[in-house]
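No lab work stands behind these numbers, since they all come straight from the coordinates. Treat the numbers as computed from the prediction; the structure is a model and nothing was measured. Reconstructed Cβ throughout: ideal geometry from the backbone, glycine too, with neighbour counts over all protein chains shown.
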Amino acid sequence: QSRQQIADLNEQVSDLNQDIENLNSSIDVMTVQNAAQQATIENQDAMLNTVWICIATQKVLEEKGVLSKGGIFQPSGISKEGFDQSQFVQGDKRELELIPLNTKKYKIMTNHPESSYQVEETEDGNKVLRILDKNAFWSMSNYLVVSIK
């Protein structure tokens, strides 16, 4: 009788060990799925907060198709056609506060609420754009185009 009890207990232990192995396998699968979901969330978060900045002379902006050339009755403006994305620097709108313009004369070509930023002068006389309200500043466009002289 004790041999049968020992055999029964060994079988129960074996079954419990199999259950533990199955649970550990399930945990491993869930861990991999969780990591994949987290990577997807982080990628989507980065994409949602990506902004593009281009600071160049009017001539370069027109040559690269960022600005359309103005005519007699139409001033130059942001191109509605495809343009050379390589001219833009990528940034994260949650982290950008200061954008050096490295010039004394500039014109912001994209639309951004005036209350959301201010342009300040540095010690060397150049300008820097300070974003005061990040959400408002990027609310109209994820692009910042500045024409400099």
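Under 16 Å of direct C-alpha separation, and excluding same-chain neighbours fewer than eight residues apart, residue 69 reaches these aspartates and glutamates: 81, 84. Residues in the stretch 90-100 carry Karplus couplings, in order, of 8, x, 10, 5, 6, 9, 6, 10, 10, 10, x Hz; the curve used is 6.51 cos²θ - 1.76 cosθ + 1.60 with θ = phi - 60°, and Gly or Pro positions show x.
Here the extension length gained between residue 45 and residue 122 equals 24.4 nm, from 0.36 nm per residue of separation less the Cα-Cα distance.
For the chain, modelled as a GNM whose springs connect Cα atoms under 10 angstrom apart, the maximal fluctuation among 60, 29, 13 occurs at 13. One entry in (i) 1.02; (ii) 1.21; (iii) 2.00 is Cα Rg over 2.2 N^0.38 Å calculated from the shown coordinates; its label is (iii). Bridgeable lysines around residue 64 (alpha carbons under 22 Å apart, same-chain partners fewer than 8 residues away excluded): 80, 105, 107, 149. With 0.36 nm allotted per residue and the present C-alpha distance subtracted, the residue 11-residue 110 stretch has 28.3 nm of extension available.
Dividing the summed -39500 (n - 2.57) terms of all DSSP H runs of n ≥ 4 by the residue count of the chain sets its mean residue ellipticity at 222 nm at -13000 deg cm²/dmol.
Stretching residue 35 away from residue 133 to a fully extended chain increases their span by 32.0 nm, per 0.36 nm per residue minus the current alpha-carbon distance.
Across the stretch 117-131, computed HN-Hα scalar couplings (Karplus, 6.51 cos²θ - 1.76 cosθ + 1.60, θ = phi - 60°) run 8, 8, 9, 10, 9, 8, 4, 8, x, 6, 9, 9, 8, 9, 7 Hz from first to last residue, x flagging Gly and Pro. Scanning residues 5 or more positions from residue 66 or on other chains, those with amide H under 5 Å from its amide H are 84, with H placed 1.01 Å from N in the peptide plane.
Distances between placed amide hydrogens fall under 5 Å for residue 102 paired with 127, all partners being 5 or more residues away or on another chain.
With the Cα gyration tensor of the stretch 100-149 giving a ≥ b ≥ c as the square roots of its eigenvalues, does the rule (a/c under 1.5 for rounded; else a/b larger than b/c for prolate; else oblate) give rounded, prolate or oblate? Here the stretch 100-149 falls in the oblate category. Counted by Cβ distance under 13 Å from residue 46, the other residues give a net charge of -2, where Lys and Arg count +1 and Asp and Glu count -1.
Neighbours of residue 59, meaning other residues whose beta-carbon lies under 13 angstrom from its beta-carbon, give a summed charge of +1 when Lys and Arg score +1 and Asp and Glu score -1. Here the 3J(HN,Hα) profile of the stretch 30-40, calculated from phi with Karplus coefficients 6.51, -1.76 and 1.60 at θ = phi - 60°, is 5, 5, 5, 4, 4, 5, 5, 5, 5, 5, 5 Hz, Gly and Pro shown as x.
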